[in-house]
């Protein structure tokens, strides 16, 4: 029947028009999505560039901090060696003083028989005692000076050790910051790769829809 054929033809035209409208809407939606993704990728590119700069600067700060820490540790090791030398010198002088005191006590407490019977031996003992008495103040003076010097060097050593510990903490903090920036950069790279893949799909879909519309 003619009227039925005409009705079917009108329906087909309406369906085709509806499909065309839907395709055009999808095309507009994809183009808007494409524009949004492109903007996101541009923002990601700027952020990645900024993070790259931060990473480079963080690396420089870490290197400088590690170099300073290494220098401080070398200085501390050298000073510690000097402190040990002085401590050994003080120990040696103290041992000498103890021996001299013991010798002087023995001479004064238990004079040998020769002190009574032989004049030469007695004079030798007296001279030895006088020599010990003369040397003793000098050795004690040296030991006291070394002790004062040691106190100053130990104080300096402790100061450098505190400085070393502070620089070590700073180096660890900078290394942690460098690792954080590096992780962020990797995350942005992965996000950019995902966005580029999504953009390619949207562009392809928009291209297919544009061909359908035209």
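Kindly indicate which of 193, 200, 205 is surrounded by 15 or more Cβ atoms within 10 Å (Cβ to Cβ), in a helix (DSSP H, G or I) and either modelled with pLDDT under 90 or in contact with a strand residue (DSSP E or B) (Cβ under 9 Å, 6 or more places away or on another chain) (or both). Step through it out loud before you land on a result.
Numbers: 193 fails: surrounded by 15 or more Cβ atoms within 10 Å (Cβ to Cβ); 200 fails: surrounded by 15 or more Cβ atoms within 10 Å (Cβ to Cβ).
205 is the lone residue from the list that is surrounded by 15 or more Cβ atoms within 10 Å (Cβ to Cβ), in a helix (DSSP H, G or I) and either modelled with pLDDT under 90 or in contact with a strand residue (DSSP E or B) (Cβ under 9 Å, 6 or more places away or on another chain) (or both).
Is it the case that residue 56 is over 15 Å from residue 172 (Cβ atoms) and surrounded by 13 or more Cβ atoms within 10 Å (Cβ to Cβ)?
Taking the combined requirement at face value, the residue does not satisfy it.
Could you tell me whether any residue of the stretch 150-165 is more than 30 Å from the chain's Cα centre (by Cα) and either modelled with pLDDT under 75 or within 30 Å of residue 102 (Cβ to Cβ) (or both)?
Checked against the condition, which is being more than 30 Å from the chain's Cα centre (by Cα) and either modelled with pLDDT under 75 or within 30 Å of residue 102 (Cβ to Cβ) (or both), the stretch 150-165 yields at least one hit.
The values are calculated or read from the model by the stated rules, or taken from the named source; none is laboratory data. Quick caveat, the model's predicted, so the values are computed rather than measured. In this analysis, Cβ positions are derived from the backbone assuming ideal geometry, glycine residues included, and neighbour counts consider all displayed protein chains.
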